[in-house]
Amino acid sequence: MNLYATIVLLAGVALLQSTLAPYLAVGRVKPDLMLVVVVTWSVLRGAGEGVLWGFIGGLLLDLLSGGPFGVSIVSLMLASYLTGVGEINLFRTNILLPVVTVILATAVYYLVSFLLLQTLGRPVTLGAAALQISSVAVVLNVALTAVFYLPLRWLSHKTGQVEMRW
């Protein structure tokens, strides 16, 4: 897929994450639109493209957030790498496997984010509160996977199974 088209697509997702996600929150937990999109793409196209999407998406989220710069980048890149490494043809035809992958990616994303925030001196409550936040996020992200998987699979098919063109 073309790099410029990727940036435009992920910028749209970042804007939705910043503007729409707070209205979809359950308690204080917002759905992770960018995580779902990046991980789904990583599952469909492999770790190489997934990590690039994670970098671009994380950069855009970090630019739009008030948090420490780099937390979203590192968290998304690691989650997309770990989910894209196991890319197999089953993922392209079975929605259940990407859902399982998003569950694992959400756990990785929150664990890395919490650890980075704590390392940077931000107040992060680990333990029961973190488990509650990440478990609610898993439910929200699984629901989003059902929404985003088919359009992203269609886009992956239309743009071909080649590495991203620069």
Per the 1/(1 + (r/R0)^6) rule, R0 = 41 Å and r from the Cβ atoms of ASN2 and GLN132, FRET efficiency to 0.05 is 0.50
Roughly what would the spin-label model give for GLN118 and THR159, points 7 Å off Cα along C-beta, in nm? 3.5
Nearest 10, in degrees from 0 to 90: the angle of helix 96-119 to the longest Cα principal axis of the chain is 40
(i) 1.01; (ii) 4.18; (iii) 0.97: which one is Cα Rg over 2.2 N^0.38 Å as calculated from this entry? (iii)
What ³J(HN,Hα) values, in whole Hz, does the Karplus curve 6.51 cos²θ - 1.76 cosθ + 1.60 give for the stretch 42-47 when θ = phi - 60°, with x put for Gly and Pro? 4, 5, 6, 10, x, 5
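Considering Cα pairs under 8 angstrom that are at least six residues apart, work out the relative contact order of the chain and quote it in whole percent.
30
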Selection from LEU78, LEU144, VAL102, by position along the positive dipole direction of the chain (Cβ): LEU144
Please report how far the C-alpha centroid of the stretch 97-144 lies from that of the stretch 28-46, rounded to the nearest whole angstrom. 13
Label-point separation (nm) for VAL99 and LEU64, each offset 7 Å from Cα along Cα-to-Cβ? 2.7
In Å², and per residue, what accessible area does the chain have when probed at 1.4 Å with the other protein chains present? 51
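The values are calculated or read from the model by the stated rules, or taken from the named source; none is laboratory data. Keep in mind that what you see is a predicted model, and the values were worked out from it rather than measured. Counting neighbours? That spans all protein chains shown, and the Cβs are built from the backbone with ideal geometry, glycine included. Accessible surface areas use protein heavy atoms only, side chains included; no ligands, DNA or RNA. Shrake-Rupley method; radii C 1.70, N 1.55, O 1.52, S 1.80 Å.
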